[in-house]
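Here the structure comes first, spelled out in structure tokens, and everything after it is commentary.
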Amino acid sequence: MNASANKVAQKLRVASSGFTLIELMVTIAVLAIIVSIAAPNISNQLADQRVKSTTATLTNALKEAKTESIVRRQPLILNFDDNSKLIKIQHVVDGQIKSTIASYKYDNKSIIKPSNGSTQFKPNKIATATVYTICDSNTSVRPQQVEINKISNITTKLGGTC
């Protein structure tokens with residue numbers, strides 16, 4: 001009787017080990033549904049982070065241009081090139097760009113739209129009033145704006161149109 005009891009126990013162990021094909025297919029289907037729900041949210045979060053990062057980079061460049069203009073006692077201009085994705089702080093003499101003091105790189109998927117071509121900072125703390133709108137190639141993300149007024153105050157806020 002012990003021999004037959006061992007054979008039954010061994011058959012039960014073999015029959016109950018592992019997963020069935022149906023169980024695996026159901027698990028994979030549930031995982032696919034969860035991933036399809038989460039993927040758009042992740043791409044929106046990444047795009048939002050790119051906009052925030054580009055906004056911070058532009059704000060830092062503007063603050064450096066303002067400070068360098070005062071320290072050097074020279075007018076400086078902040079230009080950006082949307083093709084090479086560079087923000088440049090440049091020294092200006094008689095309307096001519098003489099040298100590049102600093103440059104900042106921003107994300108390839110970010111877009112910076114100024115209200116006018118560039119911002120000029122003068123040593124007497126006067127600047128060209130400009131509003132920069134920062135957008136992303138993912139248009140579902142809210143843009144941000146960096147605003148410079150005539151007395152060189154720099155502020156950031158949500159909003160703008162791309």
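Remark on segment 93-134: ratio of C-alpha radius of gyration to 2.2 N^0.38 Å is 1.40.
Backbone geometry of segment 146-157 corresponds, through the Karplus equation with coefficients 6.51, -1.76 and 1.60 at θ = phi - 60°, to 3J(HN,Hα) couplings of 10, 10, 10, 9, 5, 9, 6, 7, 10, 10, 10, 7 Hz, x marking Gly and Pro.
With 10 Å bins beginning at zero, the pair-distance distribution over Cα atoms of the chain amounts to 10, 28, 20, 10, 7, 7, 6, 6, 4, 2, 0 %.
In this simple spin-label model, placing a label point 7 Å from the Cα along the Cα-to-Cβ direction at both residue 56 and residue 158 gives a separation of 1.8 nm.
Relative to the longest principal axis of the Cα atoms of the chain, the long axis of helix 21-72 lies at roughly 20 degrees. Here the ratio of the Cα radius of gyration of segment 119-161 to 2.2 N^0.38 Å is 1.36.
Here's the list of lysines a cross-link from residue 52 could span, going by alpha-carbon distance under 18 Å and ignoring same-chain residues fewer than 8 apart: 63, 85, 105, 109, 113, 157. Estimated purely from DSSP H runs of n ≥ 4, each contributing -39500 (n - 2.57), the mean residue ellipticity at 222 nm for the chain is -15000 deg cm²/dmol once divided by its residues. For residue 136, the residues whose amide H sits under 5 Å from its own are 111, ignoring neighbours fewer than 5 places away on the same chain, with H placed 1.01 Å from N. Straight-line cross-link reach from residue 88 at under 17 Å between alpha-carbon atoms covers these aspartates and glutamates, not counting any fewer than eight positions away in the same chain: 64, 68, 107.
Any read-out appearing in this document is the output of simple, stated calculations on the displayed coordinates, not a laboratory observation. Every value quoted in this text rests on a predicted model; they were computed, and no experiment measured them. Note that each Cβ is placed from the backbone with ideal geometry, even for glycine, and that neighbours are counted across all protein chains shown.
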